[in-house]
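Okay, structure first, notes after.
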Amino acid sequence: GMLCVQYREFYFLAGGEEEPLVPDSLSRQSGLFAFEQYHHDPLTLEAGLRIERGTIAVASATGFGDYSGTATSASLGALWKFPAEVSLAANLTRSRRHPAALELYADGVHEATGQYIVGRPDLRPETAQTLDLVVRGNAGAPWQLSLWLSHFRDFIYLSPAGATQEDLPVFDYEQRNARLWGAEAQLQFALWRAGPATLG
């Protein structure tokens with residue numbers, strides 16, 4: 001296994017003559033995480049834990065308050081290997097995400113999306129509990145099938161406000177519980193081969 005420390009610092013400065021979408025801010029994230037793995041054929045077990053402290057400081061002239069919070073995430077996983085190059089993986093995770101500066105402090109036009117976006121300074125960290133199952137194999141060509149289900153508490157999303165500002169629709173950042181699920185399939189094969197060259 002491994003034990004790691006991570007630190008990230010991001011300073012956002014909006015220039016130009018137009019009113020910025022997000023005020024100037026300094027974001028800091030410091031994290032401590034561990035990952036352990038136990039292998040005993042045909043089973044591999046994995047476990048992870050991460051503790052992260054996040055802060056966002058904004059200029060006092062904006063009238064916004066600073067953000068600070070601690071988020072703890074954990075994961076458990078298992079991998080079974082079967083004959084004929086087939087394996088089954090199951091993972092259960094509980095993760096927390098700090099709101100971003102855009103989600104907290106936005107108040108202006110987002111040129112790329114054509115929206116007037118308004119943030120919420122009182123947003124709480126977003127919590128997700130996710131279960132995913134993955135089956136992999138190789139029957140002449142690598143293939144993979146996966147299913148996942150996530151239950152969110154305080155999911156952060158953009159919601160139409162039903163109003164306009166500067167001739168653009170207004171969208172507010174909101175929070176609510178949500179459930180998301182999905183399925184994916186993947187197959188890899190060569191479309192064309194000519195000597196050492198392969199397209200696929």
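Data for the structure
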{"item": "Among [x] 64, 42, 35; [y] 103, 37, 34; [z] 70, 43, 30, the entry that matches Cα extents along the principal axes in Å as calculated here", "result": "[x]"}
{"item": "Calculated from backbone phi, Karplus (6.51, -1.76, 1.60) coupling profile of the stretch 171-180 in Hz, x at Gly/Pro", "result": "10, 10, 7, 10, 9, 6, 6, 8, 10, 10"}
{"item": "FRET E, pair H110, T44, Förster distance 41 Å, beta-carbon r, rounded to 0.05", "result": "0.40"}
{"item": "Relative packing of 32-43, 181-192, 102-113, which averages over residues the other C-beta atoms within 10 Å, highest first", "result": "102-113, 32-43, 181-192"}
{"item": "Of all accessible heavy-atom area on the stretch 1-60, the percent that carbon and sulfur account for (1.4 Å)", "result": "58 percent"}
{"item": "Förster radius 30 Å - calculated FRET efficiency between A161 and A183, Cβ distance, rounded to 0.05", "result": "0.35"}
{"item": "Per residue accessible area of the chain, 1.4 Å probe, in Å²", "result": "65 Å²"}
{"item": "Residues in the stretch 142-158 that a label on R176 would reach, taking backbone N under 19 Å of a point 7 Å out along Cα→Cβ", "result": "150-158"}
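The values are calculated or read from the model by the stated rules, or taken from the named source; none is laboratory data. Remember, it's a predicted structure, so these values are computed and weren't measured experimentally. In this analysis, Cβ positions are derived from the backbone assuming ideal geometry, glycine residues included, and neighbour counts consider all displayed protein chains. Ligands, DNA and RNA are stripped out before the accessible areas are found, and what is left, the full protein with its side chains, is counted by its heavy atoms. Shrake-Rupley method; radii C 1.70, N 1.55, O 1.52, S 1.80 Å.
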